[in-house]
Each structure stands twice: as C-alpha cells, then as structure tokens.
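Below is one structure, written out as structure tokens; comments come after it.
The values are calculated or read from the model by the stated rules, or taken from the named source; none is laboratory data. Remember, it's a predicted structure, so these values are computed and weren't measured experimentally. Cβ placement follows ideal geometry from the backbone for every residue including glycine, while neighbour counts extend to all protein chains displayed. Side chains are part of the model used for accessible areas, which takes the heavy atoms of the whole protein and leaves out ligands, DNA and RNA. Shrake-Rupley method; radii C 1.70, N 1.55, O 1.52, S 1.80 Å.
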Amino acid sequence: MVRFLTVTLILLVLVALAGAGGGLWVFYHYGRGLPDYRQLAEYEPPVTTRVHAGDGRLLIEYAKEKRVFVPIESIPKRVVQAVLSAEDKDFYVHPGVNFLSVARAAVTNLRNLGSNRRPVGASTITQQVAKNFLLTNEVSITRKAKEAILAFRIERTFSKQRILELYLNEIYLGFGAYGVAAASQAYFDKALNELTIAEAAFLGALPKAPANYHPYRHPQAAKERRDWVIGRMLEDGAISADQAAEARATPLTIRQPTREADVDAGHFTEEVRREIAERYGENALYQGGLLVRSTVNPKLQDIAARAVRDGLIAYDRRHGWRGPMAHLEPAAAGAPAADWRARLAATHLPAEVPAWKPALVTRVDGESAAVMLADGAEGTIPLRELRWAREQLGNQTRGPRIRAATEVLKPGDVVAVEAVSEYTVTDKGEEVAKEYPAGTYALRQVPEIDGGLVAMDPHTGRVLAMVGGFSFDLSKFNRATQAKRQPGSAFKPIVYLAALDKGFTPATRILDAPFVIDQGPGLPKWRPANYTKKFYGPSTMRLGIEKSRNLMTVRLAQTIGMETVVDYARRFGVVTDMPETLSMALGAGETTLLDLTTAYAMIVNGGKKITPTLIDRVQDRTGATVFRHDLRACPQCRAEAWNNQPVPIIPDTREQVTDPASAYQMVSMLNGVVQRGTGRRIRSLGIPLAGKTGTTNDSNDTWFIGFSPDLAVGVFAGFDTPRSLGKLEQGASVAAPIFKEFMHDALADKPAVPFRIPPGIRLVRIDAATGRLAQTGDRDVILEAFKPGTVPTGNEEILEGVVATGGAPTSGTGGLY
C-alpha cells in the first residue's frame, strides 16, 4: 500500500512537472514576438468627427468607424452589467483567462469533433481586447495561445476598469456602430444614460454576433437573445425579478435616428469637410473625433436653398421644354407592371426635391396626359400644367404656345411630376385659388442652368448660408467657392469706391460719351459701350452706378488710374492678380461668388477687413480648442463668472481697408441702384437694401450682390460651361429674383434697420440729375451723402477723361450692364 502511494505520488509530481514544463514551453514558444501590449495605455480609438450648425444641431458626421468614445466612469452601470452578464460574468475575478470556461469549452469541442461545427470559445473580455487590438481573427490554437498570454500580461499591467473601457468603446455592435455609445444612438437614438434595462440588455446581446441578432432581419432571434441577457442579469443580481419581468415584456422597438442634417446644406458641409481635411489631414477628419462648430444658420440655409431652386426653375421654364427623361417603346410600356415600375424607380431625380417623382405617360389627349408612378399610383397632368413646356429651340428661344397636351407628351414618355392641389386664376384683377381634383400632377424639369448663393454676417465674415448649386445630389461642384467667373458690372462698386477715397463724390459729373482706345498696329480699336448703345452726356457718379453705365466707369478708372483699381481689387479680395488694363474696370477679371460677397460685406460694415469663414471653432477629442475664427482675447468672457454685470467690450482689431465715409457713400449709391436703377425690382420689399446687378458679355454670367445693414448676400447664375442665357436675360432677371426671395424670407421677422451713417457725413438735398444743390421747384431731389468740405458749389468740372492710345484692354469688355 505504501509502495502504491509512493508510486502514485511520484507520478503526480512528474505529471505536475511535465504540465509546468509544458506550460512554460507554451509561454516561451508562443510568447515570443508578441505585439507590445503596453501600447494600449496610450490607445486612442478612431472616433467620429461631428459637424454642428451654428445653433448646435448636428449637421453631418465623418468616420471610418462610427464611434463615440466614452470614459468608463460615464458608462451607466446597467449597460456595463448587461455586457458583463452576457459576455464575462467573472470579469472582476479571473486573471485574464477563465479556466473553468476553458475546460467547459474543451469538453464541448471534443464532443463536436467531426460535426463540422465551429469550435466554441471561452474568451474573456480581456482576451477579446487582446484579439481585437493586437491580434487577428484567425481561428487556430496558435492564436488562442497568444491571446491567453497577452490577456495575462494585460491584466498585470492595466486595471479592470481600463480594460473594460477599451472593450466597450471598441467592439462592433452592428448598424455601423462601434462601441456602446454609438450603438445606443444607432439602435435607439438615445444617450447611454437614457437607456432602459431592456435596451441595455439588447446592447449586451450584440457583441457575440450582431448580424445574427439584427432586429429587422432576425427579430425573433434578437428578442430571444435580449431576454436571455435579461435572465443572466437577474441571475447575477444586477436587476430584480420585477425589473426583469417588465424588461422581458417590453417589445424590442428600434428607433434609428433620423438624419440629423435635415438642413439642406450639402455644398456647405462638403466645403467644411475639405477645409478640415486640408487643415488637419484625412486621418484627423475620419478618425480624430473632432468637434466642429460651423457658422451655418439652418433657417437661412433652407431659405437660401429654396430661393436658388425657385429662381433656377423659373429661368428654366422661361426657356422651354427639353423633352422627356427617357422613352419606353410601346412594347416596354406594355410589359408586366413590375418591369416598367422597376425602370421608373431607377430613374434618378435630385434628392433635394423629394416631391418630384418619375412617371410614365400612358395616354395623351388634347386636354391632359394620364401618368402612372412607380408605386402604381395613377394621375393626370392637365393642360394648364403643360402650357409652360414650349419646345426649347436654339439660343434659349422657345417654340409656339402650347394648345394641346399632345404637343408636349406622348405615351411612353418618362417624365418628372409633382403632385399639385390648387391653381390660381385672375378674377376681377385679383388672384383666386382653385382646387384641383385628387391625383393631379404638374410637369417638372431639372434645370440646365445652375448657380449659387452666399449669405454672410458682414461684421464677422461668418457664412450663414451657402448654396453651391441646384442639387448637391446631382453635382458636388460648388459654384459659390469653386467657380471662377467674370463678375461684370458687379465689380463696378470697387472702381467707384476707389474714386470716392480719391476725393470724388457721388455728385461728381462724368462725361458719358464715346470712348476709344487704339490697341496698336494690327489690332482693332476698343470701343466699350453702354447696354442701351446710347450716350447720355454729363451724368453724376451716382447715376453711373445706378444705371450701370460702362463708359462712365471706364473714364473714371482711367482718371484714378488702373493701378488704384487693381490695388482696391486686391485689398477687398476680389481679384488678387488683376492686370492693369481698362477692361478690368468693367469686371473682366475672374472671381468667386464668396470673394465678391465678402467685398460687398466690407463696404456695408464701414470698410473693415473681414475673412470669410464656415467654421467658428474646432475642438479635439479631449475638448481642447484647436481653432477659433475669432482670435480676440476676452479674459472677462467667462460664463461661470456671470453675475448680471455689464457685457465685456471686446476690442475691434479689424483692419480699415477704406474710409468709413467713402464706404457709406458707396452704400448710399448702391441703395440707389435698388430704388431707381438696375436693381429696382428689389424695391418692392420695402426695407433698407442695397446692391448691384452684374451681367457679362452675351449674358453668360448673371449676378446680384447686395446687403441689408447686417446681412450681405451674393447670387450667381449661369451655365457650368459658359454660354448665353438668352438675349433678354441679365442679372436683374435671373439673379435678382433669387436675392429678392431670399431677403424677403430671411428678414421677414426682423425689424427694418436703416444703414448706419458714420460721423462726419452730411446729407444734403441735391438735384439727382445734375448733382447740384436742389433749388425751389426741383422735382427729382434726393439726399446725397458728402464728406466735410465736398458739398457741391456749382463750380465743379465735368470729368471727361482722356482718349487713350496704346492702352490695350486685351481681355474683353467684361460686364455690360
């Protein structure tokens, strides 16, 4: 007996030694060349960058992995417990590997040998951290051994809380969400601290296999897994029996967040994305977890997008119908419904106009066209909604008036339609609304013309709204920042402002008469002309800008010198490399809508230099501010120290780029453009507004740039490949209506604020036609703005300019009117 016990003891010792030796060999063999687990101490997971609007609402997110990092201290206990109950209930006890679970898994896998079943695992959360951060997903004994060794090392180096923090922020939980915070938003549109027990349990159910518990594809499996987690939480003492019963009885309801960017700001956010990428790099943009506070005002942005679309559609309808988007031959149109409905559904229309739907024309007679939509709905397009669709001919002209629906559509045509409920008729001089029957549609057409709008705070340069085209969905090209076009007469205020700084006044008279430049041997003479092809004799500078007189502008530019005009174009940021040729005074140099709008903003703000910006502030993942547009220091600006004391005064550090008095004179003259000049269609708004139209040769580009005292707005419209918009089109007919609609809606709830008059300006009654002091009986009298000592005396000379020779304009006349 003693001998047996001795032999047994020796065998046990030998087995133990062999096991220890085997273990040491495993640790030695598989522990060589493992990744450095200490890097986890400084690990920063890829985190989503978020762009917010000026009012704080979320506009858009940029991420390779949609993740919001949350410190373990901020993760609610019920979420932590749900994950632990489902994945590793002994997490706080084991040393990194749960040997009992390993033994249980080994027995199970031995039983399943030859069954083609995937081996079951027994990985702890620490082992999963080792695998997810340091190893691959390879299924092998080697990887499991390395995983276990790393788990032991990680447990010796890091606290349990740090390991759990890494895990809960790293794991993929489906719906494109990484980490529990992002998953909470993705599945329930809630912050972590708002989750119920049932919702926390569902998140705890996901790490094992999110695809298997997809709530839409596998709703039953998803609910069963959630209820299983609730049961485990009850067993572990994390919740009470009543709480478990209530949670199990709760339906599994998914509430995915609606797209936060319900603001129509595609071109704006893309411009922000480009700026962040250029400033900080692609990695910071998609993985750095930046918090970007943009300048956009969602209300103004939506108004801007609507105004641009309305204006472009109005122009497009004036120039006729280009035909259907597609045509299905009779055989195809008569094919099974599923076939042509699929073709209709595949027809792409701009996402920004969701009310537009593709439709198939099924029958046409003189009075209407019958249509069918992809969802099977049937309707009618009455002749009234087709009358605009005259055939588009060359040079933006149209064919004859429409007298029958058959002149526009035919069966098999695929067209865009929009449901309409009413129309208007004129009854005794008044417009009266009439109702359409249900199922009535109007014919729609995506415009060929495109354009943009910029709205800016003129005192700070903050871009409050930016529209870069009719549809960001159709074209990512931003016509507000990327399109360089000739501004035409919209550039003239720069010339006139330079002259005001040189001592001229709005009442200075300039000769409006023929002007010729000999460009040299073999070249034709340059003869700029007014839009009307007429000459008006001596006219005031004010009249020259109000009526957009080219000849007066050229004479003025020649008198003050093109080097001065070039200097002002540079200091106002309109054109940085303008040649000193007279044609540039008429807007032949190319610029962007954003730059030109910024220049006008500097006129209305009193001549202060501003830099346009789409971003107010950028913070890194820790909350530290890494960029601020406004760099002025304000030590007293501390919210926590606010006790109803006076608001701190922050110094104005903006550079003065022109005399404030000259700037106001220019504002007054541009207000005259709206009251009496080329922008007079804006006048009906009845509020203080100023601005200038711009149109280039052959009506290729149209502009209206203007402002109220606290809002600068620029509009551009034209074809992407420059060509004529039509013989009768100009800035006043294409761009100005967009400006007018925007200002009408943007300022609807704002009090009318007059333009601010700087110290030293005198307002004097003068004759608008002659520029001389008003006399008793004069009819056309206005209040003109003068600097001290410049009020007309009646002895002023008429500026005639000099007919120059050899001064080549070289690049065309630029703007015409």
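Proximity of backbone amide H atoms, modeled 1.01 Å from N, is registered between residue 326 and 414 at under 5 Å, excluding neighbours fewer than 5 places apart on the same chain. Neighbours of residue 55 by Cβ distance under 11 Å: Lys/Arg scored +1, Asp/Glu scored -1, total +3. Spatially, the range 273-313 and the range 770-798 are offset by 48 Å when compared through their Cα centroids. For the cross-link pairs 609/692; 434/750; 492/740; 64/299; 190/223; 608/750, the ones whose C-alpha atoms lie over 27 Å apart are 434/750; 64/299. Rg of the Cα atoms in the chain, relative to 2.2 N^0.38 Å, amounts to 1.29. Once neighbouring chains are kept in place and the probe is 1.4 Å, which whole percent of the accessible area of the chain is contributed by carbon and sulfur? On the chain, the fraction of accessible area on carbon and sulfur atoms equals 53 percent. Counting only Cβ charges, +1 for Lys and Arg and -1 for Asp and Glu, the dipole size of the chain around its Cα centre is about 920 debye.
Within the full protein context, the accessible area of residue 546 is estimated at about 10 Å² for a probe radius of 1.4 Å. Counting only protein chain heavy atoms and rolling a 1.4 Å probe, the accessible areas of 575, 446 rank, largest first, as 446, 575.
Compute the long axis of helix 492-501 from its Cα atoms, compare it with the longest principal axis of the Cα atoms of the chain, and write down the angle in degrees, 0 to 90, nearest 10. In the chain, helix 492-501 runs at an angle near 70 degrees to the longest axis.
Working from Cα positions, state the angle (0 to 90°, nearest 10) between the long axis of helix 266-280 and the longest principal axis of the chain. The helix 266-280 is inclined about 70 degrees to the chain.
Each of 172, 674, 707 was scored by the projection of its Cα onto the charge dipole of the chain, and the greatest displacement toward the positive side belongs to 172; charges sit on the C-beta of Lys, Arg, Asp and Glu. Its Cα gyration tensor gives the range 507-625 an equivalent ellipsoid. The semi-axes, each the square root of 5 times an eigenvalue, are 37, 18, 12 Å from largest down.
In this structure the amide hydrogen of residue 398, modeled in the peptide plane, comes within under 5 Å of the amide hydrogens of 393, none closer than 5 places in sequence on its chain. In terms of the mean number of neighbouring beta-carbon atoms within 10 Å, the peptides 519-527, 341-349 order highest first as 341-349, 519-527.
Counting only protein chain heavy atoms and rolling a 1.4 Å probe, the accessible areas of 43, 531 rank, largest first, as 531, 43.
Here is the tail figure for the range 290-438: Cα pairs spaced more than 25 Å apart come to 41 percent of all pairs. Diffusion coefficient of the range 262-320 by Stokes-Einstein, Kirkwood radius over Cα pairs, 37 °C, 0.692 mPa s: 241 µm²/s. How tilted is helix 99-111 with respect to the longest principal axis of the chain? Cα atoms for both, answer in degrees (0 to 90, nearest 10). Compared with the principal axis, the helix lies near 80 degrees.
Amide H contacts for residue 321 (H built 1.01 Å from N in the peptide plane; partners 5 or more residues away or on another chain; cut-off under 5 Å): 390, 391, 392. Counting only DSSP H runs of at least 4 residues, each contributing -39500 (n - 2.57), and dividing by the residue count of the chain, the helix-based mean residue ellipticity at 222 nm comes to -10500 deg cm²/dmol.
Projecting the Cα atoms of 340, 538, 611 onto the charge dipole of the chain, computed from C-beta unit charges around the Cα centre, puts 340 farthest toward the positive end. Think of the chain as having a plus end and a minus end, set by charges on the Cβ of Lys, Arg, Asp and Glu; of 464, 514, 623, 623 sits farthest toward the positive end of this dipole. The ellipsoid that matches the Cα gyration tensor of the range 264-363 has semi-axes, each √(5λ) in whole angstrom, of 40, 21, 11, with the longest given first. Where both bridge residues fall in the chain, DSSP classifies roughly 90% of the beta bridges as antiparallel.
Accessible surface comparison of 496, 92, 664, probe 1.4 Å, protein chains only, largest first: the order is 92, 664, 496. Relative to the Cα centre, the charge distribution of the range 151-276, modelled as +1 at Lys and Arg Cβ and -1 at Asp and Glu Cβ, gives a dipole magnitude of about 580 debye. Bridging of residue 533 to aspartates and glutamates at a Cα separation below 13 Å is possible for 512, once same-chain residues fewer than 8 apart are set aside. Per residue, the chain exposes an accessible area of 47 Å² to a 1.4 Å probe, with every protein chain left in place.
Protection proxy ranking, highest mean first, for peptides 430-436, 644-650: 430-436, 644-650, where packing is the per-residue count of other beta-carbon atoms within 10 Å, averaged. Given +1 at the Cβ of Lys and Arg, -1 at the Cβ of Asp and Glu and no other charges, the dipole of the range 550-686 around its Cα centre is 540 debye to the nearest 20.
Going highest first, how would you order 367-373, 734-740 by mean Cβ packing within 10 Å?
734-740, 367-373
Counting heavy atoms of the protein chains alone, residue 278 has an accessible area of about 150 Å² for a 1.4 Å probe.
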